[in-house]
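Here the structure is laid out as C-alpha cells; the discussion comes afterwards.
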Amino acid sequence: MSELNQIPIPTLEVDESSLGRTLDTLEQQTITIGQQMMRHLLCLHWDLLDQQQVDEYCAQFDSDIVEFDGYASQKIACRLGILHLQRQVCFNLQTDKHLMPGNDLLPEHHGTIITRTLQEWACLFPQDLPFRTVERLLSWQTQQPKVISRSEVSVLVQRQAKRLG
C-alpha cells in the first residue's frame, strides 16, 4: 500500500486570475488522481492474485521443477482505462513447457481483454448515440483517449446482437 503514496499530488496554484475556477480545477485534479490511484490499486491487487496462482502451481511440484522465466504483459481495457497486468511466466522442466498460472484468472483472450462492464457500456450507449460519440464518451468516462475505438464498439455491438439473436 505504500506504493500508493508515490502517486504525485500536484499543488494547486491559486492566483488572482484563477480564483473563480479554483473549485473546478480542484475537482478535475481530484478525479485525475483518483483514477490513477484506482488503476494502481487494481494492478497491485492483480499482482497479489497472480502470485497466489503461481504459488499454488509451484506447490504441486518439487522445488526444482518450476523455474521463473520473467513476466508477460496483458493489455486490459476497463472502466478505469487501459491497464497492463503482469503475469509470471513459469517454465516446467518436467513437461518442458512455459505457462502463466495467472491466465486461469482471465477470460479466454487473443489480444486486448475488454472487461464485461466496459463491453456493456460500449453496447448500451449506441442505442441512443452514434459510434463516434460513444468512443468519445468512453474516453471521457475512463479519463484515457481511445480506450475503445469506434470500430471496436461496432464489433462488440454486432457480437452482442448475434448472442441475443
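Per the conditions (1) farther than 24 Å from residue 67 by Cα; (2) out of contact with any strand residue (DSSP E or B) (no Cβ under 7 Å at 6 or more places or on another chain); (3) not hydroxyl-bearing (Ser, Thr, Tyr), the sole criterion not satisfied by residue 113 is (2). Is it the case that residue 133 is under 27 Å from residue 50 (Cβ atoms), in a helix (DSSP H, G or I) and of a type in the set (Val, Ile, Thr)? Taking the combined requirement at face value, the residue does not satisfy it. Restricting attention to segment 26-51, the residues being without any contact (Cβ under 8 Å) to a residue 24 or more places away in the chain and open to solvent by less than 90 Å² (accessible area, probe 1.4 Å) number 4.
When restricted to residues that are open to solvent by less than 100 Å² (accessible area, probe 1.4 Å) and either outside any strand (DSSP E or B) or at pLDDT below 95 (or both), segment 83-98 contains 2. Within segment 58-82, if we keep just the residues that are among the small types (Gly, Ala, Ser) and touching a residue at least 12 places away in the same chain (Cβ under 8 Å), the residue that is most open to solvent (accessible area, probe 1.4 Å) turns out to be 73.
Of all residues in segment 99-120, those satisfying the criterion of being in a loop (DSSP other than H, G, I, E, B) and of a type in the set (Ser, Thr, Tyr) are 112, 115.
Looking across segment 60-91, the residues that are under 8 Å from the mean Cα position of the chain (by Cα) and among the small types (Gly, Ala, Ser) come down to 77, 81.
Every residue in segment 109-146 that is touching a Ser or Thr at 6+ places or on another chain (Cβ under 9 Å) and open to solvent by 60 Å² or more (accessible area, probe 1.4 Å), please. Within segment 109-146, 131, 143, 145, 146 meet the criteria.
The values are calculated or read from the model by the stated rules, or taken from the named source; none is laboratory data. Source: prediction; values computed, not measured. In this analysis, Cβ positions are derived from the backbone assuming ideal geometry, glycine residues included, and neighbour counts consider all displayed protein chains. SASA here: full protein model, heavy atoms, side chains in, ligands and nucleic acids out. Shrake-Rupley method; radii C 1.70, N 1.55, O 1.52, S 1.80 Å.
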